[in-house]
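Engineer: Here it is, the structure, as structure tokens.
The values are calculated or read from the model by the stated rules, or taken from the named source; none is laboratory data. The model shown is predicted, which means the values in this text are computed figures rather than measured ones. FYI the Cβ positions are ideal-geometry reconstructions off the backbone, even for glycines, and counts take in every protein chain you see. These accessible areas exclude ligands, DNA and RNA; they are computed on the full protein's heavy atoms, side chains included. Shrake-Rupley method; radii C 1.70, N 1.55, O 1.52, S 1.80 Å.
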Amino acid sequence: DLVRSRGLGDVYKRQKQELAGSEWLKVEMYPVTYVSNEGFSPIRNPKEQTLRFEDDGFTMTTKGSVHDDESQIMRDTIILTHGRYEYEHPTLRLTPDSGSPSVEAWISPLNRICFHDNGDLREFKRK
């Protein structure tokens, strides 16, 4: 069994995902003790979040509510974050064009994109 499980791990390490043309939906968000001063996601607790990859970069679409300072109420919004990515399985670095902090993500054995973001672990699955 040990030899067999080691062999499956080796297979996983070689299973590079084809990211270009793929779209991923946030399915889970877990609070963790890891805390960063700046967040990668523009909204801490989005209602919906997707990552879309193309040959030349990525787009993260974040739907949620933000506080409108002028009216002092919460307003629904959609925020698009564009950037570039570097992928060397299983590590995936996402760097926004805006200069916001980049994030070091990974693709799990369950084929999910995972990363820590401002005190949370975010998990995306392929749509």
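Engineer: For ASP76, work out the one condition from (1) of a type outside the set (S, T, N, Q); (2) over 23 Å from GLY21 (Cβ atoms); (3) out of contact with any Phe, Trp or Tyr (no Cβ under 7 Å at 6 or more places or on another chain); (4) surrounded by 14 or more Cβ atoms within 10 Å (Cβ to Cβ) it doesn't fulfil.
Structural biologist: It is condition (4) that ASP76 fails.
Engineer: Considering only residues of region 17-39 that are at pLDDT 85 or above, surrounded by 10 or more Cβ atoms within 10 Å (Cβ to Cβ) and not in a strand (DSSP E or B), which is farthest from the chain's Cα centre (by Cα)?
Structural biologist: This residue is ALA20.
Engineer: Return only the number of the condition from (1) in a loop (DSSP other than H, G, I, E, B); (2) more than 17 Å from LYS127 (Cβ to Cβ); (3) modelled with pLDDT of 90 or more that PRO46 does not satisfy.
Structural biologist: (2)
Engineer: Which numbered condition in (1) more than 15 Å from the chain's Cα centre (by Cα); (2) assigned to a strand (DSSP E or B) is the only one that LEU80 fails?
Structural biologist: (1)
Engineer: Looking only at region 84-127, count how many residues are within 19 Å of ARG44 (Cβ to Cβ), in contact (Cβ under 8 Å) with a residue 12 or more places away in the chain, in a strand (DSSP E or B) and open to solvent by less than 50 Å² (accessible area, probe 1.4 Å).
Structural biologist: The number of residues fulfilling the criteria is 12.
Engineer: Quick check on region 66-89. Is at least one of its residues of a type outside the set (D, E, K, R) and closer than 19 Å to TYR30 by Cβ?
Structural biologist: no
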